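Since every read-out is calculated from the coordinates, none of them should be taken as a lab result. Since this is a predicted model, take the numbers as computed values, not measurements. Virtual Cβ from ideal backbone geometry, glycine too; neighbours counted across all protein chains shown.
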Amino acid sequence: MRPSHWLGWWCSLFLFGATFQLSAAPITFNSALPVSKGEGEVRVQAKYLRATDDPGPMSRELTVKALPIVGVWGVTSRWTIFGIVPLLDKTMELDMPSGRSKRSVNGLGDVTTMVRYTAYSKDQPGRTVRIAPFASIEMPTGKDDEQDRFGRLPASLQLGSGAWNPLIGVVATAQSLEKEWAVSASYKFNNEANNFERGDEARLDLSYHRRVWIGGPTDGLPHFFYAGVESNGVWQGKNRNNGQKNPNSGGTTLYLAPTLQYVTQRAITEVALQLPVMQNLNGSALKQDFIFTLSLRLNY
Amino acid sequence: MNNMKKSIFLAAIILFCSTTLFAAGTQYSLRVDGLSCPFCAYGIEKKLIHTEGVESVTVDLEKDLVIVNVQEGVVLTEAQLKQLVEDAGFTPRSMSEQLL
């Protein structure tokens, strides 16, 4: 079983939550909240994915660590551009004829740029509702020809896909001082490179955050503490190797994630634990255990 | 001679204090819709504080209120303030001003 059957999907999914949202907003997906014209924000995440539930005979264990750095710039009050630079560390352990083996790689992954347009906004005292379509392109900046002592790493264990992969979507956010709802739908068109094409991906994400504590300075902006829950429904089509569909790839996964956020005027510190409550994967794909995210967003 | 020096020094002190105490700036109070979290609201604070002549900006989320204090002699027009609020991604509702 080659890891290309399932690993590419996870790495892509894994990084999606690191991409776009910078306001006090969902942790595992995008937001429609505003970024001021001519102002910037930055976000750094530490993400940890673990997958050890192997239905096959090789006792595969996958660990992916990622450090995506996201920069945001408000071009106008409605147009916002994003850049995502991911640093990756992937390790897979599995039983091979020669014994227990480890294959690993680390370095810069594929950089993504995105643009978001606020198509609808309705502001009221202490609350806002916004809808924003977005589009992004994942560029082949990560190496796609890494090797180890067993030879060339499979396509999906590479740092980069080697392909230009566009994504389109739309996100809606309703936020008041006490709570926030968000929903996002997106579709990613994955393209072929090196005779490998990862299956396309569709997502539907939901989140609900509730303010549970308020504090901080009395003469300035207060500090908010939110608790929330997020869900991510993810479908992926089958991968193609040399033009042939791979039956052991793709499928549907539903995640639920409890979240915590501490929000001040200059920074947001947050954690999320994504648990796959339903994994309906094709063939003998390795199943995930969890994704943990620790994140810091800064206003500068 | 000593008395004259003392008088001049005293006059200078009084003059300095009077100009400091009675330096009159202007305070603008803006009602803004859409302010729903501290991190987002800081965007409007950044936008306004970088405006020439603005001395301080205070945002009160619970009252949807943004207080802008400017230096003496500096005038911000309603159109200018409206544009700054909109550039920050929010909706201005009303504005008032008073001399300090």
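Quick notes on this one:
- For chain A, relative contact order (Cα pairs under 8 Å, six or more residues apart, normalised by length) works out to 17 percent.
- Amide H contacts of residue A:179 (H built 1.01 Å from N, in plane; Pro and chain starts excluded): A:211 sit under 5 Å, all sequence-distant by 5 or more or on other chains.
- Derived scalar couplings between HN and Hα for the range A:153-162 equal 5, x, 3, 7, 8, 5, 5, x, 7, x Hz in order, rounded to whole Hz, by the Karplus curve 6.51 cos²θ - 1.76 cosθ + 1.60 (θ = phi - 60°), x for Gly and Pro.
- Per residue of peptide A:92-102, the mean number of Cβ atoms on other chains within 10 Å of the residue Cβ is 0.
- Here the 3J(HN,Hα) profile of the range B:88-100, calculated from phi with Karplus coefficients 6.51, -1.76 and 1.60 at θ = phi - 60°, is 6, x, 10, 10, x, 10, 7, 8, 9, 9, 8, 6, 8 Hz, Gly and Pro shown as x.
- Computed helical MRE - 222 nm, the protein assembly as shown, DSSP H runs ≥ 4 contributing -39500 (n - 2.57), nearest 500: -4000 deg cm²/dmol
- Relative contact order, percent, the range B:24-99 [alpha-carbon distance under 8 Å, six or more residues apart]: 49 percent
- Proximal charge balance of residue B:71 [Cβ under 11 Å; K/R count +1, D/E count -1]: -3
- Gap separating the Cα centres of the range A:51-78 and the range A:184-235, nearest whole Å: 13 Å
- Here the protein assembly as shown yields Rg over Rh of 1.14, to two decimals, using C-alpha coordinates and the Kirkwood radius.
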